[in-house]
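**Q** Before anything else, here's the structure in question.
The values are calculated or read from the model by the stated rules, or taken from the named source; none is laboratory data. Bear in mind the structure is a predicted one, so any value in this text is a computation, not a measurement. Cβ coordinates were reconstructed from backbone atoms using ideal geometry, including for glycine residues, and neighbour counts include every protein chain displayed. Side chains included, ligands, DNA and RNA excluded: accessible areas come from the protein's heavy atoms. Shrake-Rupley method; radii C 1.70, N 1.55, O 1.52, S 1.80 Å.
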Amino acid sequence: MLAPALAVCSPLCLAQELTQEPPRLAADRHTDVHIAEAIKQVSADYIRQTIEKLVTFQTRSTISAQDEESIKAGKGIGAAREWIQAEFERYSKDCGGCLEVKTDTYTEQPSERIPKPTEITNVYAVLRGSDAQQAKRIVLVTGHYDSRNSDILNGIDPAPGANDDGSGTAVSLECARVLSKVPSKVKFPAKFPATIIFLTVAGEEQGLNGSKHFAQMAKQQGWKIEAVLNNDIVGGDRSPQQDASVVRVFSEGLPAAASEAEIRRIRSLGGESDSPSRELARYIADVGRSYDAGVKPLLIFHLDRFLRGGDHYSFNQQGFAAVRFTEFREDFNHQHQNVRKDDANGVEYGDLPKFVDFDYVAHVARLNAATLASVASAPAPPTSVKMQMKNLENDTTLTWEPSAGAAAYEVVWRSTNAADWEYVQMVSSGTRATLKVSKDNVIFGVRAVDAAGHRSLPVVPEPER
Ligand SMILES: [Zn+2]
């Protein structure tokens, strides 16, 4: 494996001179058998049932009915919301009450896409971390349960939203079902030391309203969210040009929440491709190599598709690392369209379950579940990660503060023009490492590793004089 790298003798062999343990290739797999076992429980059949159920509410438009009578009749967004909540509660019952099921309700004031004051409810379940210190760390998965048809102001006619975003809602629910059932190795209620939140939001189609409210609440309350996985249109539409072997993972470059001063700093240090969201995307690439999810993440270094948005951006705006999962190729006949058939050309329009590939959604759910479990099992990322700049020298010395739960650390690095981490150097003791690699030629990161080999998200060092 190392031969090609040694042949060109770049950072890899140079670093070997200085350290007892040779660096490894960053692309090596590291799999936790428990996580591998857990994600096998993800079921395409459950996902199909969830999506088909969501479609029965006829429309889940944010401005559709949510009065008692409509809820009883099983029509409109109110009924959908009640069902999702009951579903989370059912999973919780199955794990001895391990999930706290909650709602975040507020009134959205009228705007272009909200004709009158409208109640918006986000529904979520919390799998509290088992470690008192680490439980404050949160990793979150989300999808939007609202839907729309051709007319964004139509809250009455059918808007099945099987793919957009019944698929993402199903991913969040399925991750909750499967990860809440992981047998407790530590102590009731959760196996994972950090907290996992399974979220479904409304108001996405009207303007990311629900996620915006939720992310603001998280920021105001000081939640330590390390990673947000937004799944929106992950149904693997069955059109012939689809590539079901990959799922796109979008991540922002310059952080939306960065101040002018921070942007200037990023520009001067060349950190344009190292936002926390992009490190999260690389982490997902690593998870994709380590686990057989059935689908591979295809990292797209864009915030989103051109001139289109999603709920991850609401979290980005509040300074959280957040990415968007979306199928490889969208079929625009099957989203944001009234259900109809054009007899002239035979084209069927509408976001119906028959266009969804449930196996594909299950694969995406496995990749999400493996990522959630990996982050929630890992130690906290190292803090105060510094690159020593006191003397001009070609070696690189990195220092950091210890992380809760860490047994060791790893320095990762890549060429400045490489998309993903290339090399890893284990640091088995202490919180300092000197590498015979010039800081000017590469980008470094440091991550914490626990005794079982779970890796934290990496942190890029700040130069310190
Ligand atoms: Zn959507």
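**Q** Under a plain spin-label model, where a point goes 7 Å from the Cα along Cα-to-Cβ, how far apart in nm are ALA27 and ARG465?
**A** Those two pseudo-labels are separated by 4.0 nm.
**Q** Taking only protein heavy atoms into account and a 1.4 Å probe, give the accessible area per residue of the stretch 41-159 in Å². Don't skip to the end; give the middle numbers.
**A** Details: 5360 Å² over 119 residues.
Counting only protein heavy atoms, the per-residue value for the stretch 41-159 is 45 Å².
**Q** Can you give the calculated 222 nm mean residue ellipticity of the chain, where each DSSP H run of n ≥ 4 adds -39,500 (n - 2.57) and the sum is split over every residue, rounded to the nearest 500 deg cm²/dmol?
**A** Numbers: 13 runs with 136 residues, N = 465.
Here the helix-only value at 222 nm equals -8500 deg cm²/dmol.
**Q** Would you mind checking LYS75/LYS116; LYS181/LYS224; LYS116/LYS136; LYS93/LYS191 for any pair whose Cα atoms are more than 27 angstrom apart?
**A** On the way: LYS75/LYS116 20 Å; LYS181/LYS224 24 Å; LYS116/LYS136 37 Å; LYS93/LYS191 17 Å.
Listed pairs above 27 Å: LYS116/LYS136.
**Q** If r is the Cβ-Cβ distance from ALA132 to ARG238 and R0 is 30 Å, what FRET efficiency results, to the nearest 0.05? Before the final figure, lay out the partial values.
**A** On the way: r = 47 Å, r/R0 = 1.57.
About 0.05, to the nearest 0.05.
**Q** Then there is this: Run down the aspartates and glutamates and flag those whose C-alpha is under 18 Å from the C-alpha of LYS341, throwing out any fewer than 8 positions away in its chain.
**A** ASP151, ASP157, ASP237, ASP331, ASP351
**Q** Could you pull out which residues in the stretch 356-371 have an amide N less than 19 Å from a spot 7 Å beyond the Cα of LEU298, following the Cα-Cβ vector?
**A** 356-368
**Q** Sticking with this structure for a sec: Placing unit charges on C-beta atoms (Lys and Arg positive, Asp and Glu negative, everything else neutral), compute the dipole magnitude of the stretch 159-260 about its Cα centre in debye, rounded to 20. Don't skip to the end; give the middle numbers.
**A** Values: 10 positive and 11 negative charges, 161 e Å.
Once rounded to the nearest 20, the dipole reads 780 debye.
**Q** What is the extension gain from ALA261 to TYR106, computed as 0.36 nm multiplied by their sequence separation minus the C-alpha to C-alpha distance, in nm to one decimal? Display every interim value, and only then the final one.
**A** Numbers: separation 155, 0.36 × 155 = 55.80 nm, distance 3.40 nm.
Additional length available on full extension: 52.4 nm.
**Q** Is the shape of the stretch 278-380 rounded, prolate or oblate, going by the alpha carbon gyration tensor and its root eigenvalues a ≥ b ≥ c, with a/c under 1.5 for rounded and a/b larger than b/c for prolate? Spell out each step's value before the answer.
**A** Working: a/c = 2.87, a/b = 1.76, b/c = 1.63.
Note, shape of the stretch 278-380 comes out prolate.
**Q** What percent do you get for the relative contact order of the stretch 234-342 when only Cα pairs under 8 Å and 6+ apart count? Intermediate results must be reported in sequence, preceding the final value.
**A** On the way: 156 pairs, mean separation 48.8, N = 109.
Relative contact order of the stretch 234-342: 45 percent.
**Q** Which of rounded, prolate or oblate describes the chain when judged by the alpha-carbon gyration tensor and an a/c cut-off of 1.5? Walk me through the intermediate numbers first.
**A** Working: a/c = 1.91, a/b = 1.77, b/c = 1.08.
It is prolate, given that a/c is not under 1.5 and a/b is the larger ratio.
**Q** Using a cut-off of 16 Å between alpha-carbon atoms, which aspartates and glutamates can reach LYS219, once sequence neighbours fewer than 8 places away in the same chain are excluded?
**A** ASP104, ASP311
**Q** Cα gyration tensor of the stretch 319-465, axes a ≥ b ≥ c as square roots of the eigenvalues: rounded (a/c below 1.5), prolate (a/b > b/c) or oblate? If you can, show how the numbers build up before the last one.
**A** On the way: a/c = 3.91, a/b = 2.45, b/c = 1.60.
Prolate, since a/c reaches 1.5 and a/b exceeds b/c.
**Q** Could you list the GluC sites (Glu not before Pro) in the stretch 102-151 that lie in coil according to DSSP, counting only those with at most 12 other Cβ atoms within 10 Å of their Cβ? Working shown, then result.
**A** Details: sites: GLU108, GLU112, GLU119; in loops: GLU112.
Sites meeting the loop and neighbour criteria: GLU112.
**Q** Something else now. Starting from 0.36 nm per residue, how many nanometres of slack lie between ASP157 and ARG305 once their C-alpha separation is accounted for?
**A** Values: separation 148, 0.36 × 148 = 53.28 nm, distance 2.75 nm.
Extra length from ASP157 to ARG305 when fully extended: 50.5 nm.
**Q** Could you calculate the contour length gain from ARG340 to SER384, that is, 0.36 nm times the residue separation minus the distance between their Cα atoms, to one decimal place in nm?
**A** Details: separation 44, 0.36 × 44 = 15.84 nm, distance 5.69 nm.
Between ARG340 and SER384, full extension yields 10.2 nm more.
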